[in-house]
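Enquirer: Quick one: structure below, then a few questions.
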Amino acid sequence: AAPSGFLGGTRDDAASAVTVDTSGNIIVVGATAGSGFTTVNAIQPEHRGAGDAFVTKFSPDGQIVFSTYLGGSRADVASAVATDAAGNIYVCGTTESSNFPAPGGYQRGRRGTADAFVVKFDPTGSTILYGTYLGGNLLDGATAIAVDATGRVYVTGATISVDFPVTTGVVDREMTGVVDAFVTRLSPAGSAIEASTLLGGQGRDGASSIGLDPAGNVVVAGVTSSLDFPQIMPVQAE
């Protein structure tokens, strides 16, 4: 039978996403409410905040390769995970912590009440290759992540920040509703935003999933309450 089991500590734990790398290793991410979570070869062995994210990697036969907390002194949640051909691990989510681990990234500090985050681990979990906040002056959260063959990361989610970082020549540079989705591409080193756009209408919009096609086009799915959500050749116009 395939391996299965519990993963957690003495308080509430919730997995939010899972992926399998090219070697068959299984990586699970989520959030844990307190101490006692199972840690193995952890870069952060101790719980730090009101709630921490976690990252756990299992071998194909179900043994823990590493398991670590990920967070700062306030609430942190990991929402999605992806891997590249070399086995590096990319995690995104939302943080309220001003001391979330963000070495070498585009945005080193939190700008709003909560920001999205992206963290890249090496395959062993012993090194954070980079970490970055991503957000504006209010609330931002990342919900999905993808990585291409060059190591560029594509992250999506939702924001209410009018100053969310955007780049020139993109679909939408200004907030038009209460909540907008966003799509952002980071450089392979995580140190720069190569492209970033808002996406939405005058209502509430949020993205929950992202993928790349063989040509490198970005595909995003989510939810909208906006009657004026941007449409081109729609299957359903209203």
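The values are calculated or read from the model by the stated rules, or taken from the named source; none is laboratory data. Just so you know, these numbers come straight off a predicted model, no measurement behind them. Cβ: placed from backbone, ideal geometry, glycine included. Neighbour counts: every protein chain shown. Note: accessible area is taken over every heavy atom of the protein model, side chains too, but ligands, DNA and RNA are not part of it. Shrake-Rupley method; radii C 1.70, N 1.55, O 1.52, S 1.80 Å.
Enquirer: Across region 196-217, what is the total count of residues that are among the aliphatic types (A, V, I, L, M) and under 17 Å from Ser16 (Cβ atoms)? Working first, answer last.
Expert: From region 196-217, those among the aliphatic types (A, V, I, L, M) are 198-199, 207, 210, 212, 215; that's our starting set.
Going one step further and asking which of them are under 17 Å from Ser16 (Cβ atoms), we end up with 207, 210.
Within region 196-217, residues that are among the aliphatic types (A, V, I, L, M) and under 17 Å from Ser16 (Cβ atoms) number 2.
Enquirer: Given Ser196, Ser208, which one is touching a residue at least 60 places away in the same chain (Cβ under 8 Å), of a type in the set (Gly, Ala, Ser), within 19 Å of Ser79 (Cβ to Cβ) and not in a loop (DSSP other than H, G, I, E, B)?
Expert: On the way: Ser196 fails: touching a residue at least 60 places away in the same chain (Cβ under 8 Å).
Ser208 is the lone residue from the list that is touching a residue at least 60 places away in the same chain (Cβ under 8 Å), of a type in the set (Gly, Ala, Ser), within 19 Å of Ser79 (Cβ to Cβ) and not in a loop (DSSP other than H, G, I, E, B).
Enquirer: Taking region 40-57 only, how many residues are within 20 Å of Val20 (Cα to Cα) and either touching a Lys or Arg at 6+ places or on another chain (Cβ under 6 Å) or open to solvent by less than 50 Å² (accessible area, probe 1.4 Å) (or both)? Walk me through it before giving the result.
Expert: Pass one, region 40-57, residues within 20 Å of Val20 (Cα to Cα): 40-42, 53-57.
With either touching a Lys or Arg at 6+ places or on another chain (Cβ under 6 Å) or open to solvent by less than 50 Å² (accessible area, probe 1.4 Å) (or both) added as a condition, the list becomes 40, 42, 53-57.
Summing the residues that are within 20 Å of Val20 (Cα to Cα) and either touching a Lys or Arg at 6+ places or on another chain (Cβ under 6 Å) or open to solvent by less than 50 Å² (accessible area, probe 1.4 Å) (or both) in region 40-57 gives 7.
Enquirer: Output yes when any residue across region 127-144 is over 13 Å from the mean Cα position of the chain (by Cα), of a type in the set (D, E, K, R) and under 21 Å from Thr95 (Cα atoms), and no when none is.
Expert: No: zero hits.
Enquirer: Does Thr156 satisfy the criteria of being within 24 Å of Asp21 (Cβ to Cβ), buried (at least 17 other Cβ atoms within 10 Å of the Cβ), in contact with a Ser or Thr (Cβ under 6 Å, 6 or more places away or on another chain) and of a type in the set (Val, Ile, Thr)?
Expert: Numbers: within 24 Å of Asp21 (Cβ to Cβ): yes; buried (at least 17 other Cβ atoms within 10 Å of the Cβ): yes; in contact with a Ser or Thr (Cβ under 6 Å, 6 or more places away or on another chain): no; of a type in the set (Val, Ile, Thr): yes.
The answer is no for Thr156.
Enquirer: What residue, among those in region 22-37 that are polar (S, T, N, Q) and surrounded by fewer than 16 Cβ atoms within 10 Å (Cβ to Cβ), is farthest from Tyr130 (Cα to Cα)?
Expert: Going through region 22-37, the residues polar (S, T, N, Q) turn out to be 22-23, 25, 32, 35.
Still in the running and surrounded by fewer than 16 Cβ atoms within 10 Å (Cβ to Cβ): 22-23, 35.
Values: Thr22: 22, Ser23: 23, Ser35: 25 Å.
Ranking the candidates gives Ser35 first.
Enquirer: Moving on to the next point. Does Glu194 qualify as being surrounded by fewer than 24 Cβ atoms within 10 Å (Cβ to Cβ) and either closer than 17 Å to Phe54 by Cα or out of contact with any Lys or Arg (no Cβ under 7 Å at 6 or more places or on another chain) (or both)? Explain how you work it out, then say what you get.
Expert: Working: surrounded by fewer than 24 Cβ atoms within 10 Å (Cβ to Cβ): yes; either closer than 17 Å to Phe54 by Cα or out of contact with any Lys or Arg (no Cβ under 7 Å at 6 or more places or on another chain) (or both): no.
Taking the combined requirement at face value, the residue does not satisfy it.
Enquirer: Would you check if there is a residue in region 210-233 being at positive phi and hydrophobic (A, V, I, L, M, F, W, C)?
Expert: yes
Enquirer: How about region 73-108: which of its residues are surrounded by 20 or more Cβ atoms within 10 Å (Cβ to Cβ), touching a Lys or Arg at 6+ places or on another chain (Cβ under 8 Å) and assigned to a loop (DSSP other than H, G, I, E, B)?
Expert: Glu96, Ser97, Phe100, Ala102 - these are the residues of region 73-108 that are surrounded by 20 or more Cβ atoms within 10 Å (Cβ to Cβ), touching a Lys or Arg at 6+ places or on another chain (Cβ under 8 Å) and assigned to a loop (DSSP other than H, G, I, E, B).
Enquirer: Determine, yes or no, whether Arg111 is buried (at least 17 other Cβ atoms within 10 Å of the Cβ) and of a type in the set (Lys, Arg).
Expert: Working: buried (at least 17 other Cβ atoms within 10 Å of the Cβ): yes; of a type in the set (Lys, Arg): yes.
Judged against the criteria, Arg111 is a match.
Enquirer: When you scan region 143-152, do you find a residue that is more than 17 Å from Ile210 (Cα to Cα), touching a residue at least 40 places away in the same chain (Cβ under 8 Å) and either part of a strand (DSSP E or B) or open to solvent by less than 20 Å² (accessible area, probe 1.4 Å) (or both), even just one?
Expert: No, the conditions are met nowhere in region 143-152.
Enquirer: Working carefully through the options Gly201, Gly190, find the one that is part of a loop (DSSP other than H, G, I, E, B), at pLDDT 95 or above, in contact with a Ser or Thr (Cβ under 7 Å, 6 or more places away or on another chain) and not charged (D, E, K, R).
Expert: Just one listed residue meets the conditions, Gly190.
Enquirer: Looking at this structure, is Glu174 in a strand (DSSP E or B), free of Cβ contacts under 8 Å to residues at least 60 places away in the same chain and either open to solvent by 60 Å² or more (accessible area, probe 1.4 Å) or of a type in the set (D, E, K, R) (or both)? Please lay out each step first, then the result.
Expert: Details: in a strand (DSSP E or B): no; free of Cβ contacts under 8 Å to residues at least 60 places away in the same chain: yes; either open to solvent by 60 Å² or more (accessible area, probe 1.4 Å) or of a type in the set (D, E, K, R) (or both): yes.
Judged against the criteria, Glu174 is not a match.
Enquirer: So is Phe117 in contact with a strand residue (DSSP E or B) (Cβ under 8 Å, 6 or more places away or on another chain) and over 19 Å from Gly49 (Cα atoms) or not? If you could, list the steps in order and put the result at the bottom.
Expert: Values: in contact with a strand residue (DSSP E or B) (Cβ under 8 Å, 6 or more places away or on another chain): yes; over 19 Å from Gly49 (Cα atoms): no.
Judged against the criteria, Phe117 is not a match.
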